[in-house]
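Q: Below you'll find the structure I mean.
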Amino acid sequence: MRVTLLTHSYWPESSPPQRRWSALIGEFRKLDWEIDVVTPVAHAPGGSRKAFRGVAGKMFRSQTGPNGEKIRRVPYLPHGKRHLWRLVDQCFSALWSLPVGMLTRRPDLIIVTVPSLPIMAAGYLLARLRGVPLILEMRDAWPDLARDARLIRGSVKSGFEVFADFVQRRANLVVTVTEGFADVLRSRGILNVATISNGLHVSSLPVLPAPPADREVFEALYLGNHGESQNLETSIRASAIVGSRMHLHLVGYGSRRPVLQKLARDLGAPVTFHPSLHGQDVLDRYASADTCIVSLRDDWKSFETTIPSKTYEVLALGRHITGVVRGEAARVVAEAEAGDIVENHPQALADLWHGLAEDRSRLIRTGASRAWVQDNADYGVLSQRYAELICGLVSGNGRSE
């Protein structure tokens, strides 16, 4: 099998598509599949002008990835964090993905992973030009998320939504990462949909020992993006209510981090902000936590069909989850017997943490959450399902039934 993947981010960057596809490609390579990855020159997270210097020699070059995949690099434009310039950069890279994609080995199938609209267009056109099936992978509830975030306004469908619907209907298969968004697409008449969730290799993570039975200060941990989507203000306000009996650790970066730091200072909240961590430092931080926060704002409907990818990591490690989530994410936490679901309100969250501090036996996990990940979100299992879908498309009539 020969597959071409189009993605806006890949190794050696650390990003959601990179983590997902590095793992899947590693499994596909065990089947002796040949994989070509068309992606911009690595430049995350900022895409700044400083990062742009010295990349000219890397453009249009081919390199071998960590799993033996062939990576074809296309140019990018320095863009910073502004939405408009990020879109311009995505258009520029997607435009170059077409000729570079045409110069790769002829694939049996093309996969494009989005939410980037320009890369979606490039994948659609490349599949038509090469005359092969297209898998369109929707890793977010897109374009619904854009409307919730007010990037799209008004009652009339935007050109963005019209085009997204156009490609979704013409792809040979649409892959979502949650069952909820798959159901949304089916309700719109897009019937050729399958779900391959995000996940991890369970064997790569240890089972953490239970938190200490006695501890004076309750430790809560959030690890991930500090953006608009996570609504971490609720956790900070809740920690201020609990006071000195607890400590909240926030690890990572994001657009809301300066605002969150100011809020914590103004409230005198027991919060420590940490930079992004990697490797053993991440495991050490998890090990020191009593509970791990999984949080999404509750006023965006698209988040009812969203599961933060860090959820699977916490499930596999066996830490108690404080779930400030609704919909499918809440269902997974409950199904895996992983912790408590709480209303997105500071007092409700403070009450939960106070109760957990008083009765620390509620923090002890039974192993059910790790078993749930092994059965439902291990990349060994997920890659097998994905491979079956791909083989069905290639060996059949271009439609996966």
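The values are calculated or read from the model by the stated rules, or taken from the named source; none is laboratory data. Keep in mind that this is a model prediction, so the values were computed, not measured. Every residue, glycine among them, receives a Cβ derived from its backbone with ideal geometry; neighbour counts consider all protein chains shown.
Q: Which of the residues that make up region 352-382 are among the small types (Gly, Ala, Ser), closer than 20 Å to residue 201 by Cα and part of a helix (DSSP H, G or I)?
A: 368, 369, 371, 380 - these are the residues of region 352-382 that are among the small types (Gly, Ala, Ser), closer than 20 Å to residue 201 by Cα and part of a helix (DSSP H, G or I).
Q: Please tell me if residue 137 is under 20 Å from residue 24 (Cα atoms), surrounded by 23 or more Cβ atoms within 10 Å (Cβ to Cβ), of a type in the set (D, E, K, R) and at pLDDT 90 or above.
A: yes
Condition check ((1) in contact with a Cys (Cβ under 9 Å, 6 or more places away or on another chain); (2) within 20 Å of residue 20 (Cα to Cα)) across all residues:
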position: 301; (1), (2): no, no
position: 304; (1), (2): no, no
position: 314; (1), (2): yes, yes
position: 319; (1), (2): yes, no
position: 324; (1), (2): no, no
position: 330; (1), (2): no, no
position: 334; (1), (2): no, no
position: 343; (1), (2): no, no
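Q: Six or more apart or on different chains, Cβ under 6 Å: which pairs go from a residue in region 333-351 that's on the phi < 0 side of the Ramachandran plot to one that's in a helix (DSSP H, G or I) and basic (Lys, Arg)? Could you list them?
A: 346/237
Q: Something else now. Name the single residue that is surrounded by the fewest Cβ atoms within 10 Å (Cβ to Cβ) among those in region 6-44 being part of a strand (DSSP E or B) and touching a Ser or Thr at 6+ places or on another chain (Cβ under 7 Å).
A: The residue in question is 36.
Q: Does any residue of region 256-278 turn out to be in contact with a Gly (Cβ under 9 Å, 6 or more places away or on another chain) and closer than 22 Å to residue 329 by Cα?
A: no
For (1) closer than 23 Å to residue 282 by Cα; (2) surrounded by fewer than 21 Cβ atoms within 10 Å (Cβ to Cβ), each residue gets a yes or a no:
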| position | (1), (2) |
| --- | --- |
| 309 | yes, yes |
| 329 | yes, no |
| 335 | no, yes |
| 346 | no, yes |
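Q: Here is a further query. Go through (1) surrounded by fewer than 18 Cβ atoms within 10 Å (Cβ to Cβ); (2) under 20 Å from the mean Cα position of the chain (by Cα) for residue 305 and report which single condition fails.
A: (1)
Q: Given the criteria charged (D, E, K, R), surrounded by 23 or more Cβ atoms within 10 Å (Cβ to Cβ) and within 25 Å of the chain's Cα centre (by Cα), does residue 319 qualify?
A: Working: charged (D, E, K, R): yes; surrounded by 23 or more Cβ atoms within 10 Å (Cβ to Cβ): yes; within 25 Å of the chain's Cα centre (by Cα): yes.
Answer is yes for this residue.
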